[in-house]
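The values are calculated or read from the model by the stated rules, or taken from the named source; none is laboratory data. Source: prediction; values computed, not measured. Quick reminder, even Gly has a Cβ in these numbers, built from the backbone with ideal geometry, and neighbours come from all protein chains shown.
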Amino acid sequence: MTDHTTVLVDLGDRSYPVEIGDGVRHRVADHLPDRVRKVAVVTQESIGVDIDSGRDQRTFFIGEGEQHKVVATVETLCRQWADWGLNRNDIVVGVGGGIVTDVAGFAASVYHRGIPVLHVSTTLLGQVDAAIGGKTGVNLPEGKNLFGSYWQPTAVLCDTETLRTLPERHYRAGLGELAKYHFLGGEALDALPLDGRVAAAVRIKADAVMNDEREGGLRALLNYGHTLAHALETVGEHELLHGEAVAIGLIYAAEVARLMDRIDDAAVAEHRRVVAAYDLPLQPPPDITFDDVLPLFSRDKKALTGLTFILDGPNGPEIVEDVQPDVLRAAWDRLRS
């Protein structure tokens, strides 16, 4: 294994390392508590990434796509684990992208009222965001990630070697999540090699998690671009990949901020430049209208008072409440043009 970088998510007695580098998936055994007898590996058949925990290990497959990121999948996993005899001294290891780590983490958080989980993240989107921070959950028909919990892992292994075999579209979708970090303190991301970009994004996310574990304030900024993104995913029945939707959401948020005089035209242009440089979509699918997405804005988890967005401004992205529907409609028109 080549050199790797370790970032500590410091949460007191629930602290854990995030290791980034080629081949770090082979370090799973190093992060298992001594008491662990059984290791339940949750993955998808398409992932094709093997791990060796050195313990009694069994693999449990979940389905492909967001349609399997549902409560029924969690129930199936928990019943399979019960049949196998998995208990609170054992551990779950999620091997895959964001769907896998979200489902595996949530199932671990509720099985026996909580057993340890470790994530081996194999996608760019997962490595820079989904696998880190303890947010787990599944979708409801009414929206994304509305059913979940906070459950911190014992470790996260971001194996950048696995990124070389990702399908091109899925790799670009990860870049959509990475684009968000350009505006959250990662202005020089363009100049870094891939491992360096992943590590920089992990540090930004780790800082946010350490300062706001339950997303009461600062950590919510990590959802920059996600209000429209989640609406597009739900309305479009997940034909857009998450990172593709986030890319569009970033531009939309910039257009909203411009109409509210929070930023200038140059800042909007920079949002468009970053997204375009990653070869990501700049507009929503043509069959989705503003009237389709507007009702979903109020279901966003940040929407505690009126329509709430994360918007760029003189001090960087901030939570802005009571954004007016006429502004959002005008920004949609600008996004379409």
Exercise for the section: Taking the residues in region 1-39 that are among the hydrophobic types (A, V, I, L, M, F, W, C) and part of a strand (DSSP E or B) as candidates, determine which candidate is nearest to A107 (Cα to Cα). Expected result: V39
Exercise for the section: Within region 166-187, identify whether any single residue is surrounded by fewer than 22 Cβ atoms within 10 Å (Cβ to Cβ), more than 18 Å from G21 (Cβ to Cβ), of a type in the set (A, V, I, L, M) and touching a Pro at 6+ places or on another chain (Cβ under 7 Å), and answer yes or no. Expected result: yes
Practice task
Any chance you could count how many residues in region 37-54 are touching a Lys or Arg at 6+ places or on another chain (Cβ under 9 Å) and more than 18 Å from L157 (Cα to Cα)?
Solution key: 2
Exercise for the section: Go through region 23-37 and count every residue that is free of Cβ contacts under 8 Å to residues at least 60 places away in the same chain, basic (K, R) and farther than 14 Å from Q57 by Cβ. Expected result: 1
Problem - T136 being among the polar types (S, T, N, Q), within 24 Å of L175 (Cα to Cα) and in contact with a Gly (Cβ under 7 Å, 6 or more places away or on another chain) - result: yes
Problem - R58, sole failed condition from (1) over 21 Å from the mean Cα position of the chain (by Cα); (2) surrounded by fewer than 15 Cβ atoms within 10 Å (Cβ to Cβ); (3) at pLDDT 95 or above; (4) more than 18 Å from V100 (Cα to Cα) - result: (4)
Practice task
State whether one or more residues within region 224-241 are within 15 Å of the chain's Cα centre (by Cα), of a type outside the set (A, V, I, L, M) and closer than 30 Å to D3 by Cα.
Solution key: no
Exercise for the section: Hey, could you check region 98-113 for residues that are touching a helix residue (DSSP H, G or I) at 6+ places or on another chain (Cβ under 7 Å) and of a type in the set (G, A, S) and say which is nearest to G174 (Cα to Cα)? Expected result: G98
Exercise for the section: Out of V95, V103, report the one residue that is part of a strand (DSSP E or B) and modelled with pLDDT of 95 or more. Expected result: V95
Exercise for the section: Scan (1) aliphatic (A, V, I, L, M); (2) outside any strand (DSSP E or B); (3) in contact (Cβ under 8 Å) with a residue 12 or more places away in the chain for the single condition V42 breaks and write down its number. Expected result: (2)
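Here's the yes/no breakdown for (1) out of contact with any Lys or Arg (no Cβ under 7 Å at 6 or more places or on another chain); (2) under 29 Å from A82 (Cβ atoms); (3) surrounded by 21 or more Cβ atoms within 10 Å (Cβ to Cβ):
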{"residue": "G98", "(1), (2), (3)": "yes, yes, yes"}
{"residue": "L125", "(1), (2), (3)": "yes, no, yes"}
{"residue": "I132", "(1), (2), (3)": "no, yes, yes"}
{"residue": "T136", "(1), (2), (3)": "yes, yes, yes"}
{"residue": "N139", "(1), (2), (3)": "no, yes, yes"}
{"residue": "T160", "(1), (2), (3)": "yes, no, yes"}
Handout entry: Single residue of region 63-92 satisfying the filter (in a helix (DSSP H, G or I) and among the acidic types (D, E)) that is nearest to A231 (Cα to Cα)
Key = E66
Practice task
For region 141-164, enumerate the residues that are touching a residue at least 24 places away in the same chain (Cβ under 8 Å) and over 15 Å from V120 (Cα atoms).
Solution key: E142, G143, K144, N145, L146, F147, G148, S149, Y150, W151
